[in-house]
1. Being touching a residue at least 40 places away in the same chain (Cβ under 8 Å) and either assigned to a loop (DSSP other than H, G, I, E, B) or touching a Pro at 6+ places or on another chain (Cβ under 7 Å) (or both) is the filter here; which residues of segment 64-76 pass it?
2. In this structure, is residue 77 surrounded by 15 or more Cβ atoms within 10 Å (Cβ to Cβ), more than 30 Å from residue 119 (Cβ to Cβ) and either at pLDDT below 95 or not β-branched (Val, Ile, Thr) (or both)?
3. Collect the residues in segment 30-60 that are farther than 17 Å from residue 5 by Cα and either part of a helix (DSSP H, G or I) or within 23 Å of the chain's Cα centre (by Cα) (or both), keeping them in residue-number order.
4. For segment 181-210, how many residues meet the condition of being without any contact (Cβ under 8 Å) to a residue 60 or more places away in the chain, hydrophobic (A, V, I, L, M, F, W, C) and either crowded, with 16+ Cβ neighbours inside 10 Å or not in a loop (DSSP other than H, G, I, E, B) (or both)?
5. In segment 241-280, how many residues are acidic (Asp, Glu), assigned to a loop (DSSP other than H, G, I, E, B) and closer than 14 Å to residue 219 by Cβ?
6. Could you please find all residues in segment 106-128 being more than 16 Å from the ligand (Cβ to nearest atom), in a helix (DSSP H, G or I) and crowded, with 16+ Cβ neighbours inside 10 Å?
7. Select from segment 13-41 the residues that are surrounded by fewer than 11 Cβ atoms within 10 Å (Cβ to Cβ) and either modelled with pLDDT under 95 or over 23 Å from residue 199 (Cα atoms) (or both) and list them in ascending order.
8. Out of curiosity, is residue 135 of a type outside the set (Ser, Thr, Tyr) and either more than 14 Å from the ligand (Cβ to nearest atom) or closer than 19 Å to residue 233 by Cα (or both)?
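The values are calculated or read from the model by the stated rules, or taken from the named source; none is laboratory data. This is a predicted model, so every value here is computed, not measured. Cβ placement follows ideal geometry from the backbone for every residue including glycine, while neighbour counts extend to all protein chains displayed.
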Amino acid sequence: MAVVDPVPDVAGALKWARTHIVLAEARILLRYVLQCPASRLIAFPEAVLGVAEWAEFRSLVERREAGEPIAYLTGEREFFGRSFHITPAVLIPRPDTELLVELAMAHFGDKRGTRVLDLGTGSGILAITLMLDLIEADVTAVDRSREALLVAMANAARLGASVSFVLGDWFSALGEERYHLIVANPPYVAAADPHLEEGDVRFEPATALASGPQGLDDLAAIVSGAPAHLEPGGWLFLEHGYDQAAAVRGLLTDAGFSAIASWKDLAGIERVSGGQWLGR
Ligand code: GLN
């Protein structure tokens, strides 16, 4: 006769999970399975799981132990105070990218009707956040991945942001349109960077991460295409790698931008560079 493991209570489930993954992550996964706030795990450690809940929790813990990112297991991640739906078709939002929102707000937060373009929108975090936080903004979001656009559209619907979504490669589907603000968090990791073989990054779409031998191919394509799509006085802000600030400032200089600068992320690393297009 098969021996059936008893279904544990909350405390027992967490105790088992701790032998496989770190406790903080086990708590996130158990909250996800039970669809409950953290306080319930603490207040009711003796609550017995349902059979299906225990099976689901065990499977998630095993997948996490095998390396799958928490955000793909729970299907969500917070960005700038809002919860976004996430799938393996899109990059997992990183706190570093909030710097792009802060810069956009610093330059356009007091203006109405800003026309914004987000290139390589992925899950839509930048486009949707700016649509919701800028006053009467008109936001277009581009991605060359159909699967990514479907995720972004689902996020826009769930957060109530009427962003225009466009399938295309950088500027190629935008005609002659011009914008006051262009933002992008493009792929910028060097193709041979060993970082691509480590941790959560292994599970993310390579097309959202790698960009040529030095990671600069897409950054260069965006900088060179941006002048034809910026209003005079408009701004371009680009996220880039920890060691790419000088190279990106060089690209901006060569393309004829003014007021070129780089800004530091929470770790004190130059993470965004940008400039103003004064027209020609
Ligand atoms: N910051 C990410 C990483 O280092 C890369 C994001 C990107 O390429 N846009 O994993």
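1. Of everything in segment 64-76, those that are touching a residue at least 40 places away in the same chain (Cβ under 8 Å) and either assigned to a loop (DSSP other than H, G, I, E, B) or touching a Pro at 6+ places or on another chain (Cβ under 7 Å) (or both) turn out to be 67, 68, 69, 72.
2. No, not satisfied.
3. Within segment 30-60, 30, 31, 32, 33, 34, 38, 39, 40, 41, 42, 43, 60 meet the criteria.
4. Kept after step one, since they are without any contact (Cβ under 8 Å) to a residue 60 or more places away in the chain, are these residues of segment 181-210: 188-198, 201, 206, 210.
Now restrict to residues that are hydrophobic (A, V, I, L, M, F, W, C): 189-192, 196, 201, 206, 210.
Subset that is either crowded, with 16+ Cβ neighbours inside 10 Å or not in a loop (DSSP other than H, G, I, E, B) (or both): 189-190, 196, 201, 206, 210.
Of the residues in that region, 6 qualify.
5. So the first thing to find is which residues in segment 241-280 are acidic (Asp, Glu), and the list is 243, 254, 265, 270.
Adding the requirement that they be assigned to a loop (DSSP other than H, G, I, E, B) leaves 243, 265.
From what's left, closer than 14 Å to residue 219 by Cβ: 243.
Residues meeting the conditions: 1.
6. The answer is 107, 108, 128.
7. 35, 37, 39
8. Yes: the conditions hold for residue 135.
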